[in-house]
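Chemist: Structure provided below as structure tokens; questions to follow.
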Amino acid sequence: MTYSRATVKRLAKLKQKKHREIERLFLAEGPALLEEANVPPEHLLNGPDAVKKLSTLTTPTGPIAVFPFLDVSVEELLRRSERIVLLCSVQDPGNVGAVIRAAHAFGAGVALSTGTADLYNTKTVRATMGSIFHAPIVRDVHSLPFLEQAKSLGFTAAAAVPGTGETPYSLPARKLVIVVGAEGGGLPEDVISACQIASTIPSLAESLNAAVAASILLYEAYSRMLR
């Protein structure tokens with residue numbers, strides 16, 4: 001299908017968050033991402049000129065598809081998921097995308113707090129490797145009310161903390177929210193206090209980035225559900 005220059009110009013604006021929010025559409029680039037899609041795109045652009053205008057890559061790969069927003073409500077996330085990872089103010093889109101990939105791999109949902117990198121940033125989308133189409137994800141949650149709502153539905157919350165917590169082996173084999181902050185900054189004290197467990201990953205390194213920490217804890221929680 002051939003798109004008019006005006007349409008391509010409009011779709012190119014989806015590289016900016018404000019236009020994504022207005023249109024409730026996002027861009028996904030490359031065959032690996034598109035093969036993972038379980039919803040039909042609203043637009044699919046293959047032409048080299050259109051791909052060049054829409055791509056954020058130095059060397060565009062194409063094709064580029066335009067999809068409707070995929071995030072779910074808090075209520076749906078809590079209903080569908082036994083395990084959830086809550087990211088608090090994790091601003092690196094690569095880390096956020098990698099956590100979504102891990103959540104998909106280990107059968108979990110994802111909650112992104114306010115201040116966390118935009119789910120539909122092209123770097124975030126690319127880092128999910130297509131898992132954005134499979135893991136249930138909620139955006140822009142306020143951490144404390146979210147944890148309170150999860151607790152009322154029988155979830156236990158485990159905060160990832162350096163140095164002083166229990167080992168991941170102690171994570172419960174029941175409904176669980178794993179709470180992870182940014183490397184360096186960590187989690188706010190009020191968020192840690194709202195969790196029932198503090199969990200520390202044994203490590204020779206001083207700290208682990210959010211994606212690594214979340215992946216380890218998600219795996220530990222997943223393995224307990226299999227026993």
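Chemist: Tally up the residues in the range 144-174 that are farther than 14 Å from Ala213 by Cβ, at pLDDT 95 or above and either in a strand (DSSP E or B) or of a type in the set (D, E, K, R) (or both), please.
Modeler: 4
Conditions tested, residue by residue: (1) closer than 17 Å to Leu217 by Cβ; (2) over 12 Å from the mean Cα position of the chain (by Cα).
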{"site": "Tyr120", "(1), (2)": "no, no"}
{"site": "Met129", "(1), (2)": "no, no"}
{"site": "Phe133", "(1), (2)": "no, no"}
{"site": "His142", "(1), (2)": "no, yes"}
{"site": "Gly154", "(1), (2)": "no, yes"}
{"site": "Ala158", "(1), (2)": "yes, yes"}
{"site": "Glu166", "(1), (2)": "yes, yes"}
{"site": "Gly184", "(1), (2)": "no, yes"}
{"site": "Pro188", "(1), (2)": "no, yes"}
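Chemist: Starting from the range 174-201, keep only residues that are more than 13 Å from Ala160 (Cβ to Cβ) and of a type outside the set (S, T, N, Q), then list their pairs with residues that are modelled with pLDDT of 95 or more and assigned to a helix (DSSP H, G or I) whose Cβ atoms are within a distance under 6 Å, requiring at least 6 positions of separation or different chains.
Modeler: Ala194/Leu144; Ala194/Leu147
Chemist: Listed residues Val90, Val96, Val110; which is of a type in the set (A, V, I, L, M), crowded, with 23+ Cβ neighbours inside 10 Å and closer than 19 Å to Gln16 by Cβ?
Modeler: When all the criteria are applied, what remains is Val96.
The values are calculated or read from the model by the stated rules, or taken from the named source; none is laboratory data. Bear in mind the structure is a predicted one, so any value in this text is a computation, not a measurement. All Cβ positions, even for glycine, are placed from backbone atoms using ideal geometry, and neighbour counts span all protein chains on display.
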